[in-house]
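The values are calculated or read from the model by the stated rules, or taken from the named source; none is laboratory data. Source: prediction; values computed, not measured. We place every Cβ from the backbone using ideal geometry, glycine too, and count neighbours over all the protein chains shown. In case anyone asks, the SASA skips ligands and DNA or RNA and just uses the protein heavy atoms, side chains included. Shrake-Rupley method; radii C 1.70, N 1.55, O 1.52, S 1.80 Å.
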Amino acid sequence: MTQELGRAIVFSVPVVSAAISLTMVLLDSARSSNAVNRKIHRCMIAVYSLMVLYWSGLVMHSAAPEAFIAYLPVFFSSFSFIPVFLYLITYILTDIGERQRFPVRHFIVPSCLTVAIFVIALTMPFEQRWNAIYDDGVNLTSTTIDAMFVVCLLLSILYSGLSLLRIRAYKRRIIDYSADIYRMSLDWLSFIILFRVVLQTLPIAGLILGIGQFGTLGFIWGFTTLPAVFTHIVLCLNILSENYVIIEPVAAKEKEMTASGNYAQLGRQRVEKYLESKKPYLNPEFKITDMARDLLSNRTYISAFINREYGMNFNRFINNYRLREVERLQSEAVHRKQKISSLEIVIHAGFSNYRSYFRAKNMVKNDTVPAD
Amino acid sequence: MKVHKDRNVNFFSKSDYLVRHYTRPCGREPYPEYDFTVPEASGTSPQPRKNDTNAIDMGAYATYGSLMVYILPICCSVICSVFALLLIWNYRNLAERKLRRVVSLYCLLTAVWWAATLWHAYTGDKVFLPVDIPFALSFVYIPILFFNAVYYLTYLGNKRNFSALNYLLPVPVLALLLMALAAIFPRPEGNIAGLSPAERYTLLFITGPFLRFATAAAYIVPTVLLLSRYYRQTVRQHVEADRRSLSLQSSRWLIVLFVLSVAILLIAFLPVAVGTSRWLVRLNAACIMAQVILLTYHVVRRQYLSYKTADSFPVTGKKAGSGAPAGRQHHAPEEQYAPLNRKKFEAYIAQRKPYLNPDFKLTDMAEAMGVNRTVMSSFINRTYGMNFRRYLNLWRIEEYHILMAHPSKERKDPRKVMSMTGFKDSRHFRRATGLEHAYRNRSRKGTQTDRKP
């Protein structure tokens, strides 16, 4: 009894964290400005609602078994839809400028599972469902439910893999597009996906499939929910602080320009003069599209030009300028005997924060050491 | 107190739940405002046996419910604290970092407060619990931390740092006050005999409802002062910055936050006056959750003016960035001091199309034309008979119609075209077209003049 109560309380922590994140996203959705943002907010609301449903199912499993039996279809369908919606978020964030619609086929398997579990819930008598969940009776219902659970687990592992692949493809593209090291890395997303698979899915599988050992561990349950809470927080935090860069699709005008070859040819001198006189890199959100617009050129051409002429990608190229700016400001401060915090200098030079400055610095360091 | 305990002994032994009934005696009560009753289901049902599933259900569920009233705010505050903590390393200026630290601590202390309340609710009524010292400290420091958070939220740059005296003073002052009180009104030694002086004073502090809320009451005044000064200043800035996106409206939440915090204190204080009620505890929990979430959300979203002060880079920076204030996309043309005329102005608008940028402001325009804001504004007013905003929107609407009429855009989503023409969202677009319609009707009725630029 006490153990069950403790477990119920432990499982309600993720419910609370998901509910808090849901509230924050809802508060935020009033201010979403463009279509992509709105889409992301809608997805986040869906994901967090599903997570609230899912975790409250686990609470019921411990605190109110009868209610859980009635709740079972909702629990299962939320469990099967979560990975798909997470993948959908990844899909939107890692769009490489094509703006494809999310294929509907991804929703087929979870909906089939949902329909199946509703059919079971409506046709099977209560005792049989109770046996399948709480006792170790082996019958048709229990085997179907177990099989469906395994399918759900496989789904979540499969979609994690897909998401990671997409992130990898995105990373290859983004270095030629943006120079904001911190925002473009999407490390947090890969972290969430990996964390979910390793630490969350497996222990809960243990509980539902009735592996005896888990029951005896008692308070260790407390730790299995912490990763879930943590991922809820990290996901919400990064979406709210817009910690991502979405590649804009190539505009029709730009395409036209590329096709007709009607864009300005660049020279080293012109690019350097532009960068040195206007200092566009002081803006942390400076993108290759901004540069293309200012130089009346197109992004493919500029990216190829920088690669060819300077032997580095756009991201590295711009961050080198920023690093130089930091050095210049520092020496100037020393020269004038002014005390300026290094943070202020770093931010003024166009880094979005201290961490991206360090990353840029390390990149240069890693680059030069083997060359020597 | 001893008497009270004896009287309640057999009552408690009836049920070995964590939860017990707590009747309010007529004598002096240590924590009168916390009502520790459980829903009737668990209080009246006999102790459940393991094999009786139904009884377990009822009992477990009811106990769970009553526990959650306390656990929800604790979880909520701790999670919000983690939110603020994870943001500490991603700051844009030092005030922001301090703000996040303070908010994180504030949430954590709120959690401590409720955890201590929970502890009191579910342990026997010993005279002194080890958790009492953090409990007392949370009463002292929650209002101070709140004041500090408001201080950084309303930070407008040119102020002094938050003085550490706010944190250092209260404890000695309160200790002195308590000693004086203890000296003036000596209390019977009976139930506090085995305690060290520190513990004794803590107990005295917690049992006195007026003492407990002393710091809270003392800090309401400076918080109100801060807020009112902030609003006066933002109104001024607001006028100066020509309706910049950070409008006064977006900082209205600060008032809600303040009202919530006062409500929390009042609800915590009310039982002293009107007696305990389960609903008061629930209401208090709800208020705490709302406040903590609201605060954290706005800290995460940077809905305050203070981070803008990052622009105020010292002289070196200004010189270095000459004319490039953090990546403006529209730069001053070469002929900086040429007089402003209509032809040049329209040429600039038509060629550069600055209105395609939704964030384009009057100050940007003035900068591009090499004049100051007032001159720019009065020029537009005089020449076109409308304000800058309406003028820009006219251009945007025209661009929209051109794009929609363009053959290649035939199957285009009007929303996409809208965002391409520089409208922030469809709401702005609808408002602009509606206003234009109204203007046009009015002018047709009145002077019959075409006001199109």
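Laid out as a table, the results:
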{"item": "Residue in region A:252-274 that is closer than 20 Å to A:S33 by Cβ, open to solvent by 30 Å² or more (accessible area, probe 1.4 Å) and within 12 Å of chain B (Cβ to nearest Cβ) present", "result": "no"}
{"item": "Top-ranked residue of region B:58-97 - restricted to ones that are over 30 Å from A:L343 (Cα atoms) and β-branched (V, I, T), ranked as surrounded by the fewest Cβ atoms within 10 Å (Cβ to Cβ)", "result": "B:V69"}
{"item": "Some residue of region A:311-318 being open to solvent by 20 Å² or more (accessible area, probe 1.4 Å) and closer than 30 Å to B:L94 by Cα", "result": "yes"}
{"item": "Hey, A:A35 touching a Phe, Trp or Tyr at 6+ places or on another chain (Cβ under 6 Å), modelled with pLDDT under 90 and facing chain B (nearest Cβ under 10 Å) or not", "result": "no"}
{"item": "Every pair of residues 6+ apart whose Cβ atoms lie under 7 Å, when the first sits in region A:62-81 and is among the charged types (D, E, K, R) while the second is open to solvent by 20 Å² or more (accessible area, probe 1.4 Å)", "result": "A:E66/B:D57"}
{"item": "Of all residues making up region A:301-358, the number that are at the interface with chain B (Cβ under 10 Å from one of its Cβ atoms) and not in a helix (DSSP H, G or I)", "result": "8"}
{"item": "Condition check for A:I108: at pLDDT 90 or above and more than 13 Å from every other protein chain (Cβ to nearest Cβ)", "result": "yes"}
{"item": "Counted residues, region A:275-290 - those being free of Cβ contacts under 8 Å to residues at least 12 places away in the same chain and either more than 9 Å from every other protein chain (Cβ to nearest Cβ) or farther than 21 Å from A:I181 by Cα (or both)", "result": "2"}
{"item": "Candidate set from region A:4-25 (those that are more than 7 Å from chain B (Cβ to nearest Cβ) and under 18 Å from the mean Cα position of the chain (by Cα)); member that is most open to solvent (accessible area, probe 1.4 Å)", "result": "A:L22"}
{"item": "Region B:106-126 - residue that is surrounded by fewer than 18 Cβ atoms within 10 Å (Cβ to Cβ) and not basic (K, R) and, of those, modelled with the highest pLDDT", "result": "B:W119"}
{"item": "Pick from region A:225-249, criterion of a type outside the set (D, E, K, R) and open to solvent by 60 Å² or more (accessible area, probe 1.4 Å), ranking: nearest to A:R42 (Cα to Cα)", "result": "A:F230"}
{"item": "Single condition B:L403 does not satisfy, out of (1) open to solvent by less than 60 Å² (accessible area, probe 1.4 Å); (2) without any contact (Cβ under 8 Å) to a residue 40 or more places away in the chain; (3) closer than 16 Å to B:E436 by Cβ", "result": "(3)"}
{"item": "Criterion (part of a helix (DSSP H, G or I) and open to solvent by 60 Å² or more (accessible area, probe 1.4 Å)) met by exactly one of A:L199, A:L155, A:L164, A:L189", "result": "A:L199"}
{"item": "Test set (1) over 37 Å from the mean Cα position of the chain (by Cα); (2) in contact (Cβ under 8 Å) with a residue 24 or more places away in the chain - B:R382 fails condition number", "result": "(2)"}
{"item": "Residue check for A:I108: over 30 Å from B:M68 (Cα atoms) and within 29 Å of the chain's Cα centre (by Cα)", "result": "yes"}
{"item": "Count of region B:264-294 residues which are touching a Cys at 6+ places or on another chain (Cβ under 7 Å) and modelled with pLDDT of 90 or more", "result": "3"}
{"item": "For A:L93: the one exception among (1) surrounded by 24 or more Cβ atoms within 10 Å (Cβ to Cβ); (2) closer than 28 Å to B:P358 by Cα", "result": "(1)"}
{"item": "Hey, A:M51 open to solvent by less than 20 Å² (accessible area, probe 1.4 Å), more than 12 Å from every other protein chain (Cβ to nearest Cβ) and touching a residue at least 24 places away in the same chain (Cβ under 8 Å) or not", "result": "yes"}
